[in-house]
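Structure first, commentary second.
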Amino acid sequence: MNKSSREIAVKVLKANGYKLTKQRQSLIDILFEFEDRYIELTKLDQLMREKYPKMSHNTIYRNVKEFAAIGIVEESQSEVDGKTEVKLDCNEQHTHHHHFICNNCGKVRELEMCPLDFFEEQLPGAEITGHHFELYGLCAQCKKELSKVG
């Protein structure tokens, strides 16, 4: 995501008829701090409630759902514990894409190819109504650093 990701998020928010409140700006700012990785929704909730102690969990979760609906954030389920994780949408065009997620550092890299065509060929006559695809492993930097240790 480029340096103007905050501005893009604000622009998308306003274009969809949402007001930019202090709380929504803070939510965008926190997500920007973690822009190259997913953050657990419970951690995001905790960080928001540190800034706004009277803000309800429901308000935070509702805003995240609204952000997801308009393409500001992407949601995923943690491979480890199944908890919901979110991050700023890394694809400015909001087109369909997948990720590689490093199990060590948590960095997310966008993948440009979708394997759905491969699976459709194996299921003649079937109608696929949705899918979720992510790759997990070690990024090149972590693999290099961990090979020095071990």
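The values are calculated or read from the model by the stated rules, or taken from the named source; none is laboratory data. Only a predicted model underlies this, so the values are computations on that prediction, with no experimental measurement involved. Backbone-built Cβ (ideal geometry, glycine too); neighbour counts: all protein chains shown. Side chains included, ligands, DNA and RNA excluded: accessible areas come from the protein's heavy atoms. Shrake-Rupley method; radii C 1.70, N 1.55, O 1.52, S 1.80 Å.
Below is a table of values for the structure above.
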item	result
Per residue value of the accessible surface for the stretch 96-149 (all protein chains in place, 1.4 Å probe), Å²	78 Å²
The chain: calculated mean residue ellipticity at 222 nm from DSSP helix runs of at least 4, using -39500 (n - 2.57)	-13000 deg cm²/dmol
Cross-link partners of Lys65 among lysines (Cα-Cα below 28 Å; sequence separation of 8 or more within a chain)	Lys3, Lys11, Lys14, Lys19, Lys22, Lys43, Lys51, Lys54, Lys83, Lys87, Lys107
In Hz, Karplus ³J(HN,Hα) per residue of the stretch 46-62 (6.51, -1.76, 1.60; θ = phi - 60°; x = Gly, Pro)	4, 5, 5, 6, 5, 7, 10, x, 8, 6, 7, 4, 4, 5, 5, 5, 4
In the stretch 103-148, the GluC sites (Glu not before Pro) that fall in loop regions by DSSP, at most 10 other Cβ within 10 Å	Glu112, Glu127
Chymotrypsin sites (Phe, Trp or Tyr not before Pro) within the stretch 8-90, DSSP loop, no more than 16 other Cβ atoms inside 10 Å	Tyr18
Selected from Ser76, Ser56, Ser26 as most flexible by GNM, with the chain as the system and alpha-carbon contacts under 10 Å	Ser56
Residue range of the chain that is longest and free of trypsin sites (Lys or Arg not before Pro) which are both DSSP loop and sparsely packed (at most 13 other C-beta within 10 Å)	84-150
Spacing of the two label points (7 Å from each Cα toward its C-beta) at Ile128 and Glu66, in nm	3.4 nm
Among His98, His131, His57: highest mean-square fluctuation, GNM of the chain, C-alpha pairs under 10 Å	His131
Segment Tyr52-Ser147, length gained on full extension (0.36 nm per residue, minus Cα span)	29.9 nm
Relative contact order computed over the stretch 96-149 (Cα-Cα under 8 Å; 6+ residues apart), in percent	44 percent
Relative contact order of the chain, defined on C-alpha pairs under 8 angstrom at six or more residues apart (%)	21 percent
Candidates Asp117, Asp29, Asp45, ranked by Gaussian network fluctuation over the chain, Cα under 10 Å, top entry	Asp117
Distance in nm between pseudo-label sites at Glu7 and Glu33 (7 Å out along the Cβ direction from Cα)	2.3 nm
Area projected by the alpha carbon convex hull of the chain, averaged over all directions, nm²	11.7 nm²
